[in-house]
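Shown next, in structure tokens, is the structure this report addresses.
Rule-based calculations on the coordinates, nothing more; no lab input. Predicted model, so just to flag it, every value in this text is computed and none were measured. Neighbour counts are summed over all protein chains in view; Cβ atoms, including those assigned to glycine, are modelled from backbone coordinates with ideal geometry.
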Amino acid sequence: MAHSSTYKPSTGIERWFDSRLPLPRMMHDQFMVFPTPRNLNYWWTFGGILSFMLAVQIVTGIVLAMHYVPTTEGAFDSIEKIMRDVNWGWLLRYAHAVGASMFFLAAYFHTFRGLYYGSYKAPREILWILGVLILLLMIATAFMGYSLVWGQMSFWAVTVITNLFSSLDTLIPGLGTTLVQWIWGGFSVGAPTLNRLFALHYLFPFIIAGVVILHIWALHIPGNNNPTGVDVKTPKDTVPFHPYYTIKDGFALVMFLILFGVLLFYAPNFLGHADNYIEANPLQTPPHIVPEWYFLPFYAILRAIPDKLLGVIGLIGGIGVLFFVPWLDTSRVRSTSYRPIYKWFFWLFVIDCVALGYLGAQAPEGWYLFFGRLCTFYYFAFFLIVMPVVGLIERPKKLPGSITQSVLGPDSKRPAEAPPPRTAATAGEGVA
Amino acid sequence: MANPDTSTDPSFLGDDDPSRRDVILIGAGGFAAIGGAAMLWPLLDQMNPDASTLSLASIDVDLAPIDEGQAITVMWRGKPIFIRHRTAKEVEEATGVKVDDLIDPLARNANLPDDAPATDDNRAAPEREPWLVMIGICTHLGCIPQGQAPGQYKGDYGGWFCPCHGSQYDTAGRVRVGPAPQNMYIPPYTFTSDTKITIG
């Protein structure tokens, strides 16, 4: 948004640096005075929380890697050694494990925020697609990280999920088996598999960090969406990012960290599965294989579809369909707050996702299987039927004239009567 | 090199023989592309099963201690191999089934042609009907079915039961209740004596 920079290097060193690598200038323009809609609510704070959680996972992960042994003999024992012998190992490992759950919790809130307020609509399609890509990378990273524990759930989760690729045998005989053996580095999940999962688990967070930078870049071209979905029209509609949103994001982060702390210090194993404290045994399958909570909705979709290959397509399609949301939604209005019909379908979709999460943890039989299929149908129907159709037939509510009007009421000055547009810099000074 | 101005004057491109430039451009680009592609294969193939994994590809098993009605599990290529010494009743149950009634009509026996039908003859050891040797992995998503230990639930067909998603196998290891799509696989094996087999 701020195309003309307002950064003024005040000392000689700053001027020297600015003419060689204008990094302080970029930070100033993008994270200090960046014009941000004045009406962002707390659903907009999860972006900052997610950046923080990525940093937590990378920092705790790197120190854990200094003690972890990626061999089939050593993996499980090295984790118990971290828990019992390594100084503060219990804290670092629990922070990493609970941190993964908190990371997904924030990512799901962030995604639903984007869905509700239409943040994927033009001109933010690339921003949204990069976000879905980050979610995919997070899923891959979390799955590989979980396998490293080398407990019963780790081992059998890897076995079941890698075996999904063998369903390709029904398309081209031998293709699936060849692919699975290539992934395993053997004829079953074993030592080579664990070692490569460790290498990739270390790599992926840095790829995520790279895509996050592109995600923020794509955000800073059109600027933030906001709860009304109405574009920023005058500088009066915005406030500078600092101190307004640094404070708001900071407060939300503290609230989030309280929840993180409660789980970390009082119930670190609440979200985990007890069977993963049994070392991996290739000769014994646990009675119920369940993934971590953040994968349960997708696991429910996989198991709701009776055909092996179609189940895998459903599992991948559950995330993949998100890539096409900018073009599936035909409504001209961004924010669901102004969409009286779509609103009901949206909240039904939220309930549907929670229900799939519950069903993913149950045995797929009887009524559980029936509801699993029903919820799977609605999951895809929401994207493929509701989004295109409701957008065409719905009559949206009247939008506010501007962001400022939505905050101060319709009596506030219309944009046309507002004082002449100010630059981002004077907008910042005006409210400071 | 003949023309000292080439570094600053782009018009030299037009002055020179264009076909000669194209040969150099396509040649250099093509060479780099082939080199890159050739390097890609080692980077991908390094993930395939290595020499030490392949060298462990066969094992010998002594069947003498296994009495009728007993079963053992051995490891071959990191996979469990179920060996069951079936009772006369179990063999009778398996032979009494029509191939047309099966979910998967193929024998899935590595020692026979791919299109061999899933009769009990084609599933059991050759000439030694009581013996069944197979890879004890559910063909759905790779779990290990129950039914090897005496007290375990063996499903409605008396063979094996997969606890993950409820697939059931009969006494010849053929899938009778889904979601598993195929019969459990028979590994390549041969009898080296009356009581010894080599798997792999």
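Modelled label-to-label distance, A:Val350 and A:Leu283, 7 Å Cα→beta-carbon offset: nm?
Result for the modelled spin labels: 5.1 nm.
For the protein assembly as shown, max minus min Cα coordinate along each principal axis, in Å, sorted largest first?
Principal extents (Cα only, largest first): 98, 77, 57 Å.
Return the Rg/Rh value of the stretch A:1-87, two decimal places, where both radii are evaluated on C-alpha atoms and Rh is the Kirkwood radius.
Numbers: Rg = 21.8 Å, Rh = 17.5 Å.
Radius of gyration relative to Kirkwood radius: 1.25.
Calculate, in nm to one decimal, what B:Ala33 and B:Thr198 gain on full extension: separation in residues at 0.36 nm each, minus their alpha carbon distance.
Details: separation 165, 0.36 × 165 = 59.40 nm, distance 4.67 nm.
So the extension gain works out to 54.7 nm.
Just rank A:Leu315, A:Leu197, fewest to most, by other beta-carbon atoms within 10 angstrom.
Numbers: A:Leu315 20, A:Leu197 23.
Taking fewest neighbouring Cβ atoms as first place, the list is A:Leu315, A:Leu197.
Given labels modelled 7 Å from the Cα in the Cβ direction, how far is it in nm from B:Ile26 to A:Ala140?
Using points 7 Å along Cα→Cβ, the separation is 3.6 nm.
May I ask you to derive the relative contact order of the stretch A:28-147, considering only C-alpha pairs under 8 Å and at least 6 residues apart, and to give it as an integer percent? Before the final figure, lay out the partial values.
Numbers: 55 pairs, mean separation 33.0, N = 120.
It rounds to 28 percent for the stretch A:28-147.
How big is the convex hull of the Cα atoms of the stretch A:29-289, per residue, in Å³?
Working: hull volume 39.1 nm³, N = 261.
Expressed per residue, the convex hull around the Cα atoms of the stretch A:29-289 is 150 Å³.
Amide H neighbours of A:Tyr117 under 5 Å, counting only residues 5+ apart in sequence or on other chains, H built in-plane at 1.01 Å?
A:Thr336
Would you calculate the separation in nanometres between label points at B:Ala51 and A:Lys8, each defined as 7 Å from the Cα along the Cα-to-beta-carbon direction?
7.1 nm
How compact and how long is the stretch A:291-403, expressed as Rg and Dmax of its alpha-carbon atoms in Å?
15.9, 53
Can you tell me which lysines have their Cα less than 27 Å from the Cα of B:Lys98? Leave out same-chain residues fewer than eight positions away.
Once the sequence-local lysines are set aside, what remains near B:Lys98 is A:Lys308, B:Lys89, B:Lys154.
At a Förster distance of 22 Å, what's the computed FRET efficiency of A:Ala267 paired with A:Trp88, Cβ-Cβ distance as r, to 0.05? If you can, show how the numbers build up before the last one.
Numbers: r = 19 Å, r/R0 = 0.87.
Computed FRET efficiency for A:Ala267 and A:Trp88: 0.70.
Could you work out how far helix A:75-84 tilts from the main Cα principal axis of chain A, as a 0 to 90 degree angle to the nearest 10?
In chain A, helix A:75-84 runs at an angle near 60 degrees to the longest axis.
Looking at the stretch A:29-289, how many pairs of lysines come closer than 30 Å at the Cα, when each pair is eight or more places apart or spans two chains?
Lysine pairs, 8 or more places apart or on different chains, close enough: 5.
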